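Reviewing the structure listed below.
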Amino acid sequence: MASSYNAKEEDGHHSGAPAHGGAAAAAAKSKKPDNTAFKQQRLPAWQPILTAGTVLPAFFVIGLIFIPIGIGLFVTSNNIREFEVTATPTRDTSNVFMYYGLSNFYQNHRRYVKSRDDSQLYGDRSALTNPSKECEPYRMSDGQAIAPCGAIANSLFNDTLELYHIDSNGTRNTIPLVKKGIAWWTDKHVKFRNPGGNNNLTAAFRGTSKPVNWRKPVYDLDPSDPDNNGFINEDFIVWMRTAALPTFRKLYRIIQKKAVTTPTLPSGRYVLNISYNYPVLSFDGRKRMILSTISWMGGKNPFLGIAYITVGSICFFLGVVLLIIHHKYDTRNNSADIPN
Amino acid sequence: MKDVDGNHPIRPRATPVLQEFAGEGLRTLALAYKDLDEDYFHQWKRRHHEASTALEDREGRLDQLYEEVEKDLLLLGATAIEDKLQDGVPQTIEQLSKADIKIWVLTGDKQETAENIGYSCNLLQEEMNEIFTVSGNSPDAVREELRNARNAMKPDAVDSVFPSERSLVKGPKVLMDEEVNGEHGLVINGHSLAYALEHGMELEFLRTACMCKAVICCRVTPLQKAQVVELVKKYKRAVTLAIGDGANDVSMIKAAHIGVGISGQEGMQAVLSSDYSFAQFRFLQRLLLVHGRWSYLRMCKFLRYFFYKNFTFTFVHFWYGFFCGFSAQTVYDEWFITLYNLMYTALPVLGMGLFDQDVNDAWSFQHPRLYVPGQLNLYFSKRAFFKCALHSCYSSLVLFFIPYAAVQDTVRDDGRDVADYQSFALLTQTCLLFAVCIQLGLEMSYWTAVNTIFVLGSLTVYFAVTFTMYSNGMFLVLPSAFPFIGTGRNSLNQPNIWLTILLTSTLCVLPVVTYRFLLIQLCPTINDKVMFKVRQTKASPPPPTRRARIRRTSSRRSGYAFSHAQGYGDLVTSGWFLRRPAAPRPLGPAHAGRATTGFSPMGRSAGYSPTGRPQNAKAPGVEVTSLQMYRTISDAAL
């Protein structure tokens, strides 16, 4: 086999033979790939490996950061006053937010979430009289298009809650509940628009019918305030922002804070008046009313604080354990015993 | 043979010249001639024709006729041809053997030639316990020789070919590797191989051959080469690679799993039928130990990570099903689902699959054992896939339930809603992206600038695209397509949202880091050890300089003459040529062989003597010549 004289040079240059890979065909044309760092896979790179020197400090640092964060969150959450249904005295001087809560109400069901027409809610005239097919079966009623169409709008929460304070004299004082500023700014000012402006809504909605389960048509949601009527009614907007989970709460009203020294809700007896319109028994749901103050982290939710404390402690503990293991086993991890 | 010129006899001058040529490793040829009478020739031709068409004893009669005419030739002179092994062949074979690759040589050369080549390129070694030769002329003789060899290697071996023959597993039987004490070599002739490859004896042959460290088959026909490769493919759970450079290697190259052709003087047939081709045998080392290894590593990391990110992405929906009435509502924004694999995680994983390396090429050569994980299929197997799925399951649990619990009954810092579907979707998808990006960071071990740009760029692109799609502008263009308007602005400015993202990402990644760190500490793999060593050295080591190669311009080297059965076999075995009178020889480029004028205590390449002369005996005044390397066509069955 090895019978012919081989004229190859050391680095594989051939004379006259067509080449493949690293050999040159002739002096003029070379198929040799460039000797650049990119093509020869020699790019400068950072090559991290998990050594004890990086992992253990990282664990300790994470532990030391998470635990204080967790404590801070937990303490903040504890300071938030939240009570449901029965009132207890409070000394807060900040805004108090009133929520209604529903349980076992699947606003996140796929068919339910799809059942709306954002173009119609944006005030698009053609969508007003011809809503999208997604709204079925809440699309047409009495031969006319429903405005607003869809199941989400149809199931609007329509209980009214009133809060009274019985002071020392025995008089029943109505606590003023602010109904604006409860929806997202972007929702109220961009996403939801009344067709043809905010004035003369009755005319604008002519030719449409109200949703099947509503008592009043959409232009009667708040006739006293044209900035809160029709599609841009804030209760309506809040409801249209579907909840992610079957148990949720939605902002209903805000109780404005008074002077700095006066508590927002002074101690005493309170009476909550509920116009019970919204039927929840049919799907085994429950309703509740929540009054809550707010902090920088939102409502009262101790979970995040507890979770941070837990994870921080686990991290710290793992750091200690790994440190012990590292000390015991690191003498074995000598590079000299690489088999070769 | 008579001398041409009666006055000046050639033979006394020819003989030492031939010996000198052979001593330098050239293939010698003596030329002689004879005038034939025309009538005699015609008569001889007629008899030759009769003999070649005879029905009985054709071989014998032809031999007789040849003997008759090849008499009384007149010696003309002697010629010598050099044929040499390519550079780097012994080192390559040594490295590949260290990488647990079994190397077999299938050559058409004679047995002595093949053996010499085997010794000269490090395949057969002095330290080997025994070299078995199988050259029987009948099936029984061959079987006997194979059995003897096997019994010598492993005296207590079970006689039946498959040790676990009683298993009821259907399907192709696989010959398992067997442990033997010591290193052995096997040399088998072509005609014996013909019997050994028959159906009744092939397993016997394969078993014996696989117990040996090196196998050399000589006088092999091209068809037999392919048959040997197919035999290994069929009965062993091994990947085969065939490398050759001539047209007679084409069948073997095509039969193997991977065919490598060496392009060169012999033409392009081998190249055209191969999967890979290059110009020199030594490039095989780089192909396997560097590129093959990197390719396997990259492929496996890519696959594992790809499955992980998609399983995690999908399992979250499974958990959400429990909370959305099993209505198949997606947790994420529809645009996110579209763009997740297309834009947000495509480039980083592609970058990892293109650029990742565990150690650079110099280190790969220094530690051929790094090749072993690929052979054992460690990085991506059913077990690895199952672990990946388990990891995804855990990640998806964290990625759903932490946001779920954090968002439960939570509101913004101005009392408004943040537990709505759209904010929840944004929260979970951001958590997911951070978690998979950090996981990618843990998988990658080679952060080039390109990779860094891809990873950080993908995160940036995610935020950019998300904010664009949730902006007023896009909503005004197509209200029904971009319903998420305002979500980014209203939820991502809440500190508790970011705290949730931080917690989720950390919790996803923590077990992985712990697990990997524990593995490195308690049972480090060869990769871990080498990477640790690299880090300690903090620079790429120089290529091993244990044998400095000098660029030779002269082609005269010492070695063996090997081409004829008669003639100089005695010369070869006498070892006469290993000792030369200390004639002054110019050093430098004309110096034969290695830079070492002495001999290196390790390795084959300097001053090896196949005749068994001890290397350490350096007689004064004798210059040890080093070994010739002959180019050969070899078959490397992995």
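Structure values in brief
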quantity	calculated
Tally of residues being crowded, with 20+ Cβ neighbours inside 10 Å and in a loop (DSSP other than H, G, I, E, B) across the range B:292-331	3
Residue check, A:G181 small (G, A, S) and within 14 Å of chain B (Cβ to nearest Cβ)	yes
Entirely in the range B:175-291, the strands (runs of 3 or more DSSP E) that have 1 or more residues that are open to solvent by 10 Å² or more (accessible area, probe 1.4 Å), without any contact (Cβ under 8 Å) to a residue 40 or more places away in the chain and on the phi > 0 side of the Ramachandran plot	none
In the range B:458-472, residue nearest to the other protein chains (Cβ to nearest Cβ) [restricted to those that are open to solvent by 40 Å² or more (accessible area, probe 1.4 Å) and among the aliphatic types (A, V, I, L, M)]	B:A464
Selected residue (only one of B:D100, B:D87, B:D109 is in a loop (DSSP other than H, G, I, E, B) and either closer than 30 Å to B:T15 by Cα or more than 25 Å from the chain's Cα centre (by Cα) (or both))	B:D109
Test: residue in the range B:547-555 that is more than 10 Å from every other protein chain (Cβ to nearest Cβ), at pLDDT 55 or above and either within 30 Å of A:I324 (Cα to Cα) or out of contact with any His (no Cβ under 9 Å at 6 or more places or on another chain) (or both)	no
Strands (runs of 3 or more DSSP E) fully within the range A:200-295 counting 1 or more residues that are modelled with pLDDT of 85 or more and open to solvent by 60 Å² or more (accessible area, probe 1.4 Å)	A:269-275, A:286-292
The range B:54-84: number of residues that are among the charged types (D, E, K, R) and either part of a loop (DSSP other than H, G, I, E, B) or open to solvent by less than 50 Å² (accessible area, probe 1.4 Å) (or both)	8
Filter pass, A:R91 being surrounded by 15 or more Cβ atoms within 10 Å (Cβ to Cβ), more than 10 Å from chain B (Cβ to nearest Cβ), modelled with pLDDT under 90 and closer than 30 Å to B:L499 by Cβ	no
Test: residue in the range B:112-121 that is outside any helix (DSSP H, G or I) and crowded, with 19+ Cβ neighbours inside 10 Å	yes
Meets criteria (touching a Lys or Arg at 6+ places or on another chain (Cβ under 6 Å) and either away from chain B (no Cβ under 11 Å) or modelled with pLDDT under 90 (or both)) for A:A19	yes
Residue match in the range A:181-192 (condition: touching a helix residue (DSSP H, G or I) at 6+ places or on another chain (Cβ under 7 Å) and open to solvent by 70 Å² or more (accessible area, probe 1.4 Å))	no
Extreme residue, nearest to the other protein chains (Cβ to nearest Cβ), among residues of the range B:473-495 that are more than 21 Å from B:I337 (Cβ to Cβ) and open to solvent by less than 20 Å² (accessible area, probe 1.4 Å)	B:N490
The one condition in (1) in contact (Cβ under 8 Å) with a residue 60 or more places away in the chain; (2) surrounded by fewer than 18 Cβ atoms within 10 Å (Cβ to Cβ) that B:M444 fails to fulfil	(2)
Within the range A:254-271, tally of residues that are under 16 Å from A:P176 (Cβ atoms) and either within 21 Å of the chain's Cα centre (by Cα) or of a type in the set (S, T, Y) (or both)	3
Failed item, numbered, when A:R193 is tested on (1) within 12 Å of another protein chain (Cβ to nearest Cβ); (2) under 30 Å from B:A405 (Cα atoms); (3) not in a helix (DSSP H, G or I)	(2)
The range B:26-49: number of residues that are open to solvent by less than 80 Å² (accessible area, probe 1.4 Å), over 28 Å from B:T113 (Cβ atoms) and among the basic types (K, R)	2
Scope the range A:296-324; condition touching a Lys or Arg at 6+ places or on another chain (Cβ under 9 Å) and open to solvent by 50 Å² or more (accessible area, probe 1.4 Å); matching residues	A:K300
Matching residues, the range B:351-397, being among the polar types (S, T, N, Q) and more than 13 Å from chain A (Cβ to nearest Cβ)	B:Q375, B:N377, B:S381, B:S392, B:S395, B:S396
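The values are calculated or read from the model by the stated rules, or taken from the named source; none is laboratory data. In this text the structure is predicted, and so the values were computed from the model without any measurement. Note that we place each Cβ from the backbone using ideal geometry, even for glycine, and neighbour counts take in every protein chain shown. With ligands, DNA and RNA removed, areas are computed over all heavy atoms of the protein, side chains included. Shrake-Rupley method; radii C 1.70, N 1.55, O 1.52, S 1.80 Å.
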